[in-house]
Amino acid sequence: MRILFAEDEQDLNKIVVDAFEEAGFTVDSCMNGQDAIDYWKAAEYDVIVLDVMMPGKDGYEVLEEIRSKNTQVPVLFLTARDAIEERVRGLDAGANDYLVKPFSLEELMARVRVLTRSSYNKASNILTCGELELDTASKRVTRGKQPIDLTTKEYQLLEYLMYNQGTILTRKQIEDHIWNFDYEGGTNVVDVYIGYLRQKIDKPFNSKMIRTKRGTGYMITDEEA
Amino acid sequence: MKKLSIRTRIFLLFSSAMILMMIIMFILVRIISASVMKQTLSEYLISAVDSNALMLVYMTPEEVEQAKVYDADDLYLEYGDGYLQVDDDFLDILNDVESALYDAEGNLIYGNNPLSRELAGEAFTDSRIYEKKISGKEYIVYDRKFIEENLEGLWIRGTVPLSQEEIQVFRISTSMAAFLPLLIMIVILVSAFAARSILKPIRHMEETAEQIAGGEDLNRRIELPQNKDELYGLATTYNDMLDRLEASFARERQFTSDASHELRTPLAVIMAQIEHVSSKDRSVEEYKSAFDTVDRQSRRMKRLVEDMLNLSRIAQGEKRYPVTELDLSVLVQNVCQDMGLFNYKGITLDSNVTEGIMLRGNADLLERMLVNLIDNAYKYGRDNGNITVTLFINDDGKKALIVTDNGIGIDEKSKDKIFDRFYREDSSRSGASGYGLGLSLVREIVQFHGGHISVESVVNVGSKFIIEF
């Protein structure tokens, strides 16, 4: 899952980005509203986390611009003001959620997961595909009660595939959602990671869940081909 | 008197003034009418005496014989070589005026009334009115001397009792006194009405004020009376006060909200940092970096709290910050020396201080002021830039302290706002974790010392803060 995070406080920005990455998210971060809009225009995000008080364009203005383009991407506001009118203003402007500073990182992660889930119409943290199970909170993956160890990137790839199970995802889509702008690898990075994932998910079992659609991309499904 | 309501006081003052006035009027009427009466009586007396004087004619014996044929009723008295004819119209008692005829020696010639005999022999005063007490009663007396031929030496004396006049005055007074209770009643009613109607707009104002005081709503204002009288002034003053109160409350609320916002941000960083670093085992470098962050952010909070405290203390005036005569030059040099060691972005700090400039002030505050200004210059200065601090006596004879930098500058529209609490220049936030109380405190300190601060700045060229004491 790829997140855009805009926060003008340097230290806080760095800490939250670290925490997101450790929690298995891909993060692009910036320090002002205008950069946030530029990032949002250039990539596809699953969740946007905005600080309200930012130099240049503030959180409200960024949100207004995003919503004016009729985009449904979930937005979470971070605000240092807890006055009710501030929260109401944010929610009315089209924010999906808000957190008041100081906040707990754990809670921020949980809320971001909720927003991701809801954008894929999932009610629980547990994603299933046949006998394959993925817990987005604990990052644990099992197939037929057998735990499977995945690296961060492999996990992110599997999570994205499972959120979209039954749907073909292009290499571009996958790359956009799993790798941030810091990554400048070759174009076959997706194929490489799909390979790693197959080694762990499919190879030890008799049914193959990760399918390749030649010329388009990949999908995961438990239906027999 | 103090326990009474204003309305009662107005009523009492008004009605007692009116009653007092009525009593004075009453007394005046008595005095004036008495004097008018006396005047009238005197005139009455004179005219009675004068008309009697016309009734007296001297006649030779031949004339008497002739006259007797026509005026048999008249009295003929022997006088000198002839006779005095006293017409029967000579009235020795006319109403209250009693008149009598005397010769030069004061012997009664004509006039039959009790007083005439009693007054016989009294010395005459010519044509003069005077008062005389005769057997316990006051009288007005008028003597008239005859100067006509053959009548020389004769006198007519008229008297009228003064009691007559008193009776008249008494009559007027009593008829007035009969109306007095009625008049007092009217006075009381009018006073009560006046007190009520004068205080009506005040009561109205009081009600509005009560509503404002009772509720949380400071938006309400007192309705202004239609005519611009004293109450209009009072209502306007009151409304102005409410405006200021409301604005001051709003500022206070804004300050509290801003302060909590400013404190929440470093607090959020500290809490997030600690949560993040303790979520699993970290390397020594990670711990070190976390400690650095916590250190930096807690210092930021400390400064913010200190500035807030200073701002609120400075409002309490000299009690908190005693002022002494101090050497400003030494103070500025010391601060520059300390701050010059602060190696940040390669910026250099120069100072150009005229020695021996004294100022009455508080050393802690003045230090804080200069530190904040230099700190600001560092924060918004360019890499390898320069800061200059100058202290001298300017052309106006004032002590001028100037802090100049060649940093990013301040744009025109922000110039007025930089001294506002928690104002932060947007474009200048690139990396510098600014807090919005520094310049506000600087201004408060300058004002505390009776000085003035101004700023000259050009974007991307630099800023110049000028303080004059």
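The values are calculated or read from the model by the stated rules, or taken from the named source; none is laboratory data. Computed from a predicted structure; not experimentally measured. Reconstructed Cβ throughout: ideal geometry from the backbone, glycine too, with neighbour counts over all protein chains shown.
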Checklist line | Failed condition for residue B:43, given (1) acidic (Asp, Glu); (2) over 60 Å from the mean Cα position of the chain (by Cα); (3) surrounded by fewer than 17 Cβ atoms within 10 Å (Cβ to Cβ) | finding: (2)
Margin query: Filter segment B:162-183 down to the residues that are under 20 Å from residue B:132 (Cβ atoms) and either small (Gly, Ala, Ser) or at pLDDT 80 or above (or both) and list them by number.
Written below: B:163
Margin query: So, residue B:99, is that one of a type in the set (S, T, N, Q) and farther than 19 Å from residue B:130 by Cα or not?
Written below: no
Check: Can you pull out the residues in segment B:236-262 that are of a type in the set (A, V, I, L, M) and under 12 Å from residue A:81 (Cβ atoms)?
Finding: B:259
Checklist line | Pick from segment A:73-90, criterion within 17 Å of residue A:36 (Cβ to Cβ) and of a type in the set (Val, Ile, Thr), ranking: nearest to the other protein chains (Cβ to nearest Cβ) | finding: A:79
Check: Just for segment B:322-345: of the residues that are within 13 Å of residue B:370 (Cα to Cα) and polar (S, T, N, Q), which one is surrounded by the most Cβ atoms within 10 Å (Cβ to Cβ)?
Finding: B:329
Margin query: Any residue at all in segment B:279-291 that's surrounded by 11 or more Cβ atoms within 10 Å (Cβ to Cβ), hydrophobic (A, V, I, L, M, F, W, C) and touching an Asp or Glu at 6+ places or on another chain (Cβ under 9 Å)?
Written below: no
Check: Within segment B:347-356, is even one residue out of contact with any helix residue (DSSP H, G or I) (no Cβ under 8 Å at 6 or more places or on another chain) and more than 17 Å from residue B:405 (Cα to Cα)?
Finding: no
Item checked: Search result, residues across segment B:141-156 that are out of contact with any Lys or Arg (no Cβ under 8 Å at 6 or more places or on another chain) and within 10 Å of residue B:124 (Cα to Cα) -> B:145
Margin query: For segment A:10-58, give me each residue that is at the interface with chain B (Cβ under 9 Å from one of its Cβ atoms), in a loop (DSSP other than H, G, I, E, B) and surrounded by fewer than 24 Cβ atoms within 10 Å (Cβ to Cβ).
Written below: A:31, A:32, A:53, A:55, A:56
Notebook entry, point to check: Within segment A:101-113, is there a residue that is over 21 Å from the mean Cα position of the chain (by Cα) and either within 22 Å of residue A:19 (Cα to Cα) or aliphatic (A, V, I, L, M) (or both)?
Noted result: yes
Next item on the list: Would you check if there is a residue in segment A:81-91 being in contact with a helix residue (DSSP H, G or I) (Cβ under 8 Å, 6 or more places away or on another chain) and in contact (Cβ under 8 Å) with a residue 40 or more places away in the chain?
Entry: no
Checklist line | Output for segment A:164-222, where each listed residue is within 15 Å of residue A:154 (Cβ to Cβ) and of a type in the set (Val, Ile, Thr) | finding: A:174, A:178, A:189, A:190, A:192, A:194, A:201, A:210, A:220
Note to self: Looking for something of a type outside the set (A, V, I, L, M), assigned to a helix (DSSP H, G or I) and either within 10 Å of chain A (Cβ to nearest Cβ) or closer than 22 Å to residue B:447 by Cα (or both) - is there at least one such residue anywhere in segment B:223-232?
What the structure shows: no
Next item on the list: For segment A:161-168, state whether one or more residues are touching a helix residue (DSSP H, G or I) at 6+ places or on another chain (Cβ under 7 Å) and surrounded by 15 or more Cβ atoms within 10 Å (Cβ to Cβ).
Entry: no
Margin query: under 27 Å from residue B:440 (Cβ atoms), more than 48 Å from the chain's Cα centre (by Cα) and either buried (at least 20 other Cβ atoms within 10 Å of the Cβ) or within 14 Å of chain A (Cβ to nearest Cβ) (or both): is that true of residue B:376 in this structure?
Written below: yes
Check: Among B:93, B:109, B:46, which is more than 25 Å from residue B:162 (Cβ to Cβ), in contact with a strand residue (DSSP E or B) (Cβ under 9 Å, 6 or more places away or on another chain) and β-branched (Val, Ile, Thr)?
Finding: B:109
Next item on the list: Give the residues of segment B:299-334 that are modelled with pLDDT of 90 or more and small (Gly, Ala, Ser), sorted by residue number.
Entry: B:329
Notebook entry, point to check: If you check residue A:61 against the conditions, is it in contact (Cβ under 8 Å) with a residue 40 or more places away in the chain, among the charged types (D, E, K, R) and within 14 Å of chain B (Cβ to nearest Cβ)?
Noted result: no
Check: Assuming residue A:207 fulfils every condition listed in (1) part of a helix (DSSP H, G or I); (2) over 21 Å from the mean Cα position of the chain (by Cα) apart from one, which condition is it?
Finding: (1)
Item checked: Some residue of segment B:357-374 being among the acidic types (Asp, Glu) and farther than 17 Å from residue B:447 by Cα -> no
Next item on the list: State which residue pairs qualify: first residue free of Cβ contacts under 8 Å to residues at least 24 places away in the same chain and inside segment B:100-129, second residue in a strand (DSSP E or B) and acidic (Asp, Glu) in any location, beta carbons under 6 Å apart, and separation of 6 or more residues or different chains.
Entry: B:113/B:98; B:125/B:143
Note to self: Every residue in segment A:84-123 that is within 24 Å of residue B:273 (Cα to Cα) and touching a Pro at 6+ places or on another chain (Cβ under 6 Å), please.
What the structure shows: A:115
Margin query: Among the residues of segment B:421-456, what is the count of those that are modelled with pLDDT under 85, surrounded by fewer than 16 Cβ atoms within 10 Å (Cβ to Cβ) and away from chain A (no Cβ under 14 Å)?
Written below: 0
Notebook entry, point to check: For segment A:65-182, which fully contained helices (runs of 4 or more DSSP H) count at least 3 residues that are among the polar types (S, T, N, Q)?
Noted result: A:105-119
Item checked: Looking only at segment B:262-294, and only at residues there that are of a type in the set (Gly, Ala, Ser) and not in a helix (DSSP H, G or I), the one that is farthest from the other protein chains (Cβ to nearest Cβ) -> B:283
Notebook entry, point to check: Looking at (1) more than 20 Å from residue A:102 (Cα to Cα); (2) more than 14 Å from every other protein chain (Cβ to nearest Cβ), which is the one condition that is false for residue B:305?
Noted result: (1)
